[in-house]
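Just below is one structure, and these are the notes that go with it.
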Amino acid sequence: MPEIRAFRALRYNPDAVPDLARVVAPPYDVISAAQRAILAARDPRNVVAIDLPVDLSGATDPDDKYRAAARTFVSWRSDGTLSKDPRPALYVYEQAYTPPGSEVRRIQRGFYARVKLEAFGPGSGILPHERTLSGPREDRHKLMRASGANFSGVVGLFADASGESSRLMADATAGDAVADVIDDDGARHRLWMLPEDGPTEAVVSVLREAAGRAPITIADGHHRYETALRYRDERRLSSAHEVDPAFDYLLMLLLETSGG
């Protein structure tokens, strides 16, 4: 069964970046060159600078853009643009959106966690549903190898027929969000932090158990998942004695599908 854990998220520091609308972006694989230019011009700290690097310097080495993204990532950590949360937590996520051609506002909820990587195959706790292409895998691998980080999570699906996890996530949204932003398409994205200790300890335990009860199906991010497996295997060769290393895990947004 999948192993799901809390983690200390690295997030935009609200003191340094008070307006998240200037730094968020759609998933990297749906952004056109023109849209990327608009996002980058909006704020030099927009996430495309590290998640969708492009060659802006005329460098002859095509891999230089990945190293440049890694340097930017390091600088954002050192100058306070990004800060790490003090305690491990799960992060409830809510998206409120209006589908094209509809006037009905819909809400989707899930939670972010770190999930232990498992190779696909019989008995695996992670199930794929599509084939991947070598080009995108290589792109993501070069970025991960240069930066040592997950900049965008994989989306996984789990079912909880009891409805308990859905109820707990809905209850969590009554508290103060740690992030609240409306994107260019009018969708509202909010995030709530649930530390694994203290008052939310029991909620975290229930969510972890519900999502880890059966194999998780990857809904989006197959290239990122396969890249993370490759990166893990590479790192194991040079970190054989490291206990429970971070590279054994991947950032994942877990969405409940039963509608319970």
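How large is the dipole of the stretch 107-260 about the Cα centre if only Lys and Arg carry +1 and Asp and Glu carry -1, each at its Cβ, rounded to the nearest 20 debye? Before the final figure, lay out the partial values.
Details: 18 positive and 24 negative charges, 106 e Å.
Here the stretch 107-260 has a charge dipole of around 500 debye.
Would you calculate the volume per residue, in Å³, of the smallest convex hull containing every Cα atom of the chain?
155 Å³
List every residue whose amide H lies under 5 Å from the amide H of residue 258, counting only residues 5 or more places away in sequence or on a different chain, with H placed 1.01 Å from N in the peptide plane.
Under 5 Å from the amide H of residue 258: 160.
If amide H atoms are built 1.01 Å from N in the plane of the peptide, which residues on other chains or at least 5 residues away come under 5 Å of the amide H of residue 126?
The list, which skips near neighbours in sequence, is 216.
For the chain, what is the calculated [θ] at 222 nm in deg cm²/dmol (nearest 500), taking -39500 (n - 2.57) for each run of four or more DSSP H residues and dividing by its residue count?
Computed mean residue ellipticity for the chain: -9500 deg cm²/dmol.
Could you pull out every whole DSSP H run in the chain that spans at least 15 Å of Cα extent along its own axis and averages -1.0 or higher on the Kyte-Doolittle scale?
Helices meeting the criterion: 201-211.
Run down the lysines and flag those whose C-alpha is under 20 Å from the C-alpha of residue 65, throwing out any fewer than 8 positions away in its chain.
Partners found: 142.
Above 15 angstrom, tally the Cα pairs of the stretch 157-205 and express them as a % of all pairs, no decimals.
Numbers: 677 of 1176 pairs.
Roughly 58 percent, once rounded to a whole number.
Roughly how many Å is it from the Cα centre of the stretch 138-190 to that of the stretch 1-42, as a whole number?
11 Å
Based on a Kirkwood Rh over C-alpha pairs, give the Stokes-Einstein translational diffusion coefficient of the stretch 1-100 at 20 °C and viscosity 1.002 mPa s in µm²/s.
On the way: Rh = 15.6 Å.
Here the translational diffusion coefficient equals 137 µm²/s.
Viscosity 1.306 mPa s, temperature 10 °C: give me the Stokes-Einstein translational D for the stretch 119-186 in µm²/s, with Rh taken as the Kirkwood radius over C-alpha pairs. Mind dumping the intermediate values first?
Numbers: Rh = 16.5 Å.
Rounded, D is 96 µm²/s.
So for the stretch 96-166, taking the charge dipole from beta-carbon charges (+1 Lys/Arg, -1 Asp/Glu), which of 112, 150, 99 sits furthest toward the positive end?
The listed residue farthest towards the positive side: 150.
Filter the trypsin sites (Lys or Arg not before Pro) in the stretch 96-167 to those in DSSP coil with at most 14 other Cβ atoms within 10 Å of their Cβ, and list the result.
Working: sites: 105, 106, 109, 114, 116, 131, 137, 140, 142, 145, 167; in loops: 105, 131.
Filter output for the stretch 96-167: 105, 131.
For the chain, with the dipole built from +1 on Lys and Arg beta-carbon atoms and -1 on Asp and Glu ones, taken about the Cα centre, which of 200, 40, 214 lies farthest toward the positive end?
40
Report, in debye and to the nearest 20, how large the dipole of the stretch 126-214 comes out about its Cα centre when Lys and Arg carry +1 and Asp and Glu carry -1 on their Cβ.
Using Cβ point charges on Lys, Arg, Asp and Glu, the stretch 126-214 gives about 480 debye.
Pick out, in residue order, every one of the chymotrypsin sites (Phe, Trp or Tyr not before Pro) in the stretch 158-260 that is DSSP loop and has at most 13 other C-beta atoms within 10 Å; say none if there are none. Spell out each step's value before the answer.
Values: sites: 158, 192, 225, 231, 247, 249; in loops: none.
Answer by residue number: there is no such site.
Which one, 245, 86, 99, has the greatest fluctuation when you compute a Gaussian network model over the chain with C-alpha springs under 10 angstrom?
99
Report the charge-dipole magnitude of the stretch 41-106 in Debye, nearest 20, computed about the Cα centre from +1 at each Lys and Arg Cβ and -1 at each Asp and Glu Cβ.
The dipole magnitude comes to about 280 debye.
Please list, ordered by chain and number, the residues whose modelled amide H lies under 5 Å from the amide H of residue 9; skip anything fewer than 5 residues away on the same chain.
85, 89
Compute the whole-percent fraction of alpha carbon pairs in the stretch 166-260 spaced more than 22 Å apart.
50 percent
Which whole-Hz ³J(HN,Hα) couplings does the stretch 121-129 yield from phi under the Karplus relation 6.51 cos²θ - 1.76 cosθ + 1.60, θ = phi - 60°, glycine and proline marked x?
x, x, x, 6, x, 10, 10, x, 9
Bear in mind these aren't lab numbers, they're just calculated from the coordinates by the rules spelled out. Everything numeric in this text was worked out from a predicted model, so none of it was measured. Reconstructed Cβ throughout: ideal geometry from the backbone, glycine too, with neighbour counts over all protein chains shown.
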